[in-house]
Amino acid sequence: MATYDRLIDLLDTAGVTYKLIDHDPDGTTETVSALRGNAVSQAAKCIILLLKLDKRTTRYVLAVVPGDRRVDLAAIKQLYGARYVGFADAATAERLAHSVPGTVLPFAFDPELDLIADPAVIAEPELYFNAARLDRSVVISGADYHRLAQPRIAPIT
């Protein structure tokens, strides 16, 4: 199932109120927020990170932060007790997200991904993100996102 279809099926099955917004194709948080007409702080910026827990153990984390903030790699490192934290390469991120860069969903549909979200994300009355497509976005409440995605919540900005 395509990632977009999987997202819509999840939202429909859960009975979540959501809105779809069609816009010019773009995957940059600031640009697509302007196209959608939302504040950048209302956007979910989704970043796939590579963690080295020890010499032999690697994990991947999907970090979800407000669009106007940056993920704090030191905070992630401390939360996981990792030796190293960095950004996953593009090919790995695309494989784990099941979508191209700029369209990564704030949901971990791959068992290799741990999901962690900043508290500001779930506090948003309206949370905007690209819907695994560059030309369509979804709006749901931060509370509904929290209920559906069940991310670990920690200050990571």
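Every number in this text was worked out from the coordinates using simple rules, so none of it is lab data. Worth saying up front: this structure is predicted, and the values here are computed from it rather than measured. With ideal geometry, Cβ positions are generated from the backbone for all residues, glycine too; neighbour counts draw on all protein chains shown.
A few notes on this one:
- Of all DSSP-defined beta bridges confined to region 3-153, some 70% are antiparallel rather than parallel.
- Expected 222 nm ellipticity per residue - DSSP helices of 4 or more, -39500 (n - 2.57), all of the chain, to 500: -8000 deg cm²/dmol
- A cut-off of 5 Å between modelled amide H atoms, ignoring neighbours fewer than 5 places along the same chain, links residue 45 with 65, 67.
- Amide hydrogen neighbours beyond the local backbone of residue 114, cut-off 5 Å, H modeled: 60, 61, 62
- Cross-link partners of residue 77 among lysines (Cα-Cα below 26 Å; sequence separation of 8 or more within a chain): 45, 52, 55
- Per-residue extension of 0.36 nm, minus the Cα-Cα distance of residue 91 and residue 2, leaves a gain of 30.3 nm for this segment.
- Short-range pairs are left out: with C-alpha atoms under 8 Å and at least six residues apart, the relative contact order of region 3-153 is 28 percent.
- Each residue of region 98-110 was assigned a 3J(HN,Hα) from its phi angle through the Karplus curve 6.51 cos²θ - 1.76 cosθ + 1.60 (θ = phi - 60°); the sequence is 6, 7, 7, x, x, 10, 5, 7, x, 10, 9, 8, 10 Hz, with glycine and proline shown as x.
- Kyte-Doolittle mean at least -0.5 and Cα axial length at least 15 Å: DSSP H helices in the chain: 3-14
- Put simply, the convex hull of the Cα atoms in region 3-153 casts, on average, a shadow of 8.1 nm².
- For region 138-157, the residues whose backbone nitrogen is under 17 Å from a point 7 Å from the Cα of residue 74, taken along Cα to Cβ, are 155-157.
- Each label was represented as a point 7 Å from its Cα along the Cα-to-Cβ direction; for residue 13 and residue 154 these points are 2.8 nm apart.
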